[in-house]
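Reviewing the structure listed below.
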Amino acid sequence: MPLTLHVDAQRWRLHTAGFLSRNPGVVPVIKGNGYGFGRHLLASEVSRVGLPALAAGTYDEVSGLRPDAAEADAEILVLTPWRPFLDVSLEPAWLVHTVSRLSDLRALSGSGVRAVIEVRTSMRRHGLLPAEIPQAAGLLTGIRFEGWSMHLPLAGDALGEATELAARTSLTAAEPGHRLWVSHLGAGEVDTLAQAAGSPVRLRSGTAMWLGDRGALAMRGTVLDSHPVLKGARAGYRLVKAPSDGTLLIIAGGTAHGVGLQAPTQVAGLRQSGAALVRGALAASGRSLSPFRVGGKRRWFYEPPHMQVSMVWLPDGVDVPEVGSDVELDVRFTTTTADRVVLE
Ligand SMILES: *Cc1c(COP(=O)(O)O)cnc(C)c1O
């Protein structure tokens, strides 16, 4: 088998069902590589459980995610804010746009499109300034207003911030579409916010919903070849000398899958920055720890991963996995795209 994401379907669905029951009205987010599952698999999962709404990352991701047309309340929210230069169709009626600037709200005025208006949070990504909310509230007649949206940071007092911003949006409380769309709040926090704001709250969630039970998921690459190598013998694109006697494993999973392409991670705290320093020093010396786990340990890349396979070094003394067997990888699912996703 190539690089494969194995999903314990029963356990995974137990988690998502639990998440849905704790967060009724959640809007599942399906974006990017579909959190490792692929967007289509997640979309079919959403229709399997009969949820009418979902959120896509971009306009380009919406195609293929068409909701069940039979559902009268079907809708797809586009998370990337609308811009006049994006040159996208405002149809169909189940599309809910995100508007994050007054000028864009004016540009859409009269179109009658469904739209949420995003308010800037402390994260400062997109959104109107809170001081612009009253002006936006005066411009709602030309669109079909669907509520206010906030993208909350993972740090800090997200609930406190959401409650404060919600109070500033209360001037549209009488509008039929008035509600709050938020990210990154826990189930209890969503209820607290709804009560404090006196309006319905819709939680958008991807990571916690799809990847909340890592134990249900395993990424594995198949060993395609293994070659015993003596110390000093050369191998790889750069004909690098083997550091000792050992075995070269050629395993499915390379840069095409995102293997070895580490997304930058935030370094916080001394221990972590120490670890980052060590990684950086090792990288500078040309060595890099692979995500492939053999004999209970992550093993070194022999050289940087290739398009579809990696050359992994196994020193003598470690049991060599057979050609055809599978090796587990420690990867981030949002940056790794398997050849196959298998529900088991
Ligand atoms: C990605 C995204 C989400 C979902 O984030 P997760 O951390 O995956 O739950 C919610 N809202 C917006 C605007 C996003 O871009």
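Each label was represented as a point 7 Å from its Cα along the Cα-to-Cβ direction; for ASP319 and ALA131 these points are 6.7 nm apart. Mean residue ellipticity, 222 nm, helices only, the chain: the sum of -39500 (n - 2.57) across DSSP H runs of n ≥ 4, divided by residue count and rounded to 500, is -7000 deg cm²/dmol. Between helix 270-284 and the chain there is an angle of about 50 degrees, using the helix long axis and the longest principal axis of the Cα atoms. Using only Cα atoms, find the angle between the long axis of helix 9-22 and the longest principal axis of the chain, and express it within 0 to 90 degrees, rounded to the nearest 10. Once rounded, the angle reads 30 degrees. Short to long, the 10 Å bins of the Cα pair-distance histogram for the chain hold 5, 21, 26, 21, 15, 9, 3, 0 percent of all pairs. One compactness figure for the range 21-115 is 1.11, namely its Cα radius of gyration divided by 2.2 N^0.38 Å.
Annotation: amide H-H contacts under 5 Å for MET219 (H modelled 1.01 Å from N, sequence separation of 5 or more, or interchain): HIS6, LEU329. Across q = 0.09, 0.18 Å⁻¹, the range 98-247 modelled as identical point scatterers on its alpha-carbon atoms has Debye log10 I(q)/I(0) values of -0.45, -1.04, in the order of the q list. Sorting 314-322, 220-228 by their mean Cβ neighbour count within 10 Å, with the most densely packed peptide first, gives 220-228, 314-322. With contacts taken as Cα pairs under 8 Å and at least 6 residues apart, the chain reaches a relative contact order of 20 percent. Between helix 158-169 and the chain there is an angle of about 30 degrees, using the helix long axis and the longest principal axis of the Cα atoms.
Here, each number is a calculation from the coordinates, and none is a lab measurement. Because the structure is a prediction, the values reported are computed rather than measured. Neighbour counts are summed over all protein chains in view; Cβ atoms, including those assigned to glycine, are modelled from backbone coordinates with ideal geometry.
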